[in-house]
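K.L.:
Sending over a structure as structure tokens; questions will come in a sec.
Nothing in this text is a laboratory measurement; each read-out follows from the coordinates by a stated rule. Every value quoted in this text rests on a predicted model; they were computed, and no experiment measured them. Here the Cβ positions follow ideal geometry from the backbone for every residue, glycine too, while neighbour counts run over all protein chains shown.
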Amino acid sequence: MGRAKEMMIEHEQNLGAAARYLVSKGYLQQCPYHEQIYGGGYDGLGGDGDFYRFAMADRNRGENGPVPWAAELEAREYTNLLKEAYEEHAADECGWCAKHRDE
Ligand SMILES: [Zn+2]
């Protein structure tokens, strides 16, 4: 497996971990029935800057903190991942629930 492919897989894994972290912090929601994550958006994550302060503090706790996967990342990579995860789940509700309701 090439290095580029490896990095892509690692990125996907980190993105999933970032989304779960945001769920645990209440910035994203996860549907209890379908496991789908939603509630993100493009309005920026924690606009007042508080979010990133807490997120950085969690990262600095390293392997024993809530984001052990981020311990090896550059600060910039970490915040970009969180932002990407938040934007990736830019929906107001679980897509499956919405679909069921509309049927
Ligand atoms: Zn659902």
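K.L.:
Out of (1) loosely packed, with under 12 Cβ neighbours inside 10 Å; (2) free of Cβ contacts under 8 Å to residues at least 24 places away in the same chain; (3) polar (S, T, N, Q), what's the single condition that is false for Asn80?
P.N.:
(1)
K.L.:
Which one of the conditions (1) of a type outside the set (A, V, I, L, M); (2) under 16 Å from Ala19 (Cβ atoms); (3) within 16 Å of the ligand (Cβ to nearest atom) does Cys97 fail to meet, given that it meets all the rest?
P.N.:
(2)
K.L.:
Is there a residue in the stretch 55-63 that is within 16 Å of the ligand (Cβ to nearest atom), in a helix (DSSP H, G or I) and without any contact (Cβ under 8 Å) to a residue 24 or more places away in the chain?
P.N.:
No, the stretch 55-63 contains no residue that is within 16 Å of the ligand (Cβ to nearest atom), in a helix (DSSP H, G or I) and without any contact (Cβ under 8 Å) to a residue 24 or more places away in the chain.
K.L.:
Sort through Ala91, Ala75, Ala85, Ala71 and tell me the only one that's touching a helix residue (DSSP H, G or I) at 6+ places or on another chain (Cβ under 9 Å), more than 19 Å from Tyr27 (Cβ to Cβ) and either within 16 Å of the ligand (Cβ to nearest atom) or among the aliphatic types (A, V, I, L, M) (or both).
P.N.:
Residue meeting the stated conditions: Ala71.
K.L.:
Sort through Tyr52, Tyr21 and tell me the only one that's touching a Ser or Thr at 6+ places or on another chain (Cβ under 7 Å), over 24 Å from Ala98 (Cβ atoms) and part of a helix (DSSP H, G or I). Don't jump to the end; show me each part of the working.
P.N.:
Values: Tyr21 fails: touching a Ser or Thr at 6+ places or on another chain (Cβ under 7 Å).
Only one candidate passes the filter, namely Tyr52.
K.L.:
Return the residues of the stretch 20-33 that are exposed (fewer than 14 other Cβ atoms within 10 Å of the Cβ) and within 16 Å of the ligand (Cβ to nearest atom); say none if nothing qualifies.
P.N.:
Correct list: Pro32, Tyr33.
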